[in-house]
Amino acid sequence: MLKVCVNTLSSDQKTKLGISLWPVWEKEISCFDYEYEEEEQCYFLEGRVEIRSSNQTIELGPNDFATFPKGLKCTWNIKEAVRKHYFFPES
């Protein structure tokens, strides 16, 4: 059962991961389906989004650190424009 894992990181953890050096992705209010072809880690800077999958519905916003597992099929419902850092650990 694939699920999004959400954590809160300390400043030290963010520095250790190098999050401030990761690319930034931005998206306006919208709704779309997405399937993760590889694991993605992301840190939300701005916005609010609801993620729905077959077994989970969660809301993410500023300061949330989320890991999306490879193979997850979900719907992104962006309620407030999103800015997030992202990283693909397997790449």
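The values are calculated or read from the model by the stated rules, or taken from the named source; none is laboratory data. Treat the numbers as computed from the prediction; the structure is a model and nothing was measured. With ideal geometry, Cβ positions are generated from the backbone for all residues, glycine too; neighbour counts draw on all protein chains shown. Keep in mind that these areas ignore ligands, DNA and RNA; they rest on the heavy atoms of the full protein, side chains included. Shrake-Rupley method; radii C 1.70, N 1.55, O 1.52, S 1.80 Å.
For this structure, a couple of remarks:
- Inter-residue pairs, beta-carbon under 9 Å, first closer than 15 Å to residue 19 by Cβ and of a type in the set (S, T, N, Q) and in segment 67-91, second in a loop (DSSP other than H, G, I, E, B) and open to solvent by 30 Å² or more (accessible area, probe 1.4 Å), 6+ apart: 67/39; 67/89
- Test result for residue 89, open to solvent by less than 80 Å² (accessible area, probe 1.4 Å) and touching a Lys or Arg at 6+ places or on another chain (Cβ under 9 Å): no
- Subset of segment 15-48 [in contact with a Ser or Thr (Cβ under 8 Å, 6 or more places away or on another chain), over 22 Å from residue 80 (Cβ atoms) and surrounded by 15 or more Cβ atoms within 10 Å (Cβ to Cβ)]: 39
- When residues of segment 1-14 are limited to those that are open to solvent by less than 60 Å² (accessible area, probe 1.4 Å) and farther than 16 Å from residue 59 by Cβ, the one farthest from the chain's Cα centre (by Cα): 10
- In segment 50-80, the residues that are of a type outside the set (Asp, Glu), open to solvent by less than 60 Å² (accessible area, probe 1.4 Å), more than 21 Å from residue 14 (Cα to Cα) and at pLDDT 95 or above: 51, 53, 56, 58, 71, 72, 74, 75, 76, 77, 78
- Elements of type strands (runs of 3 or more DSSP E) in segment 35-86, at least 1 residues being of a type in the set (Lys, Arg): 40-53
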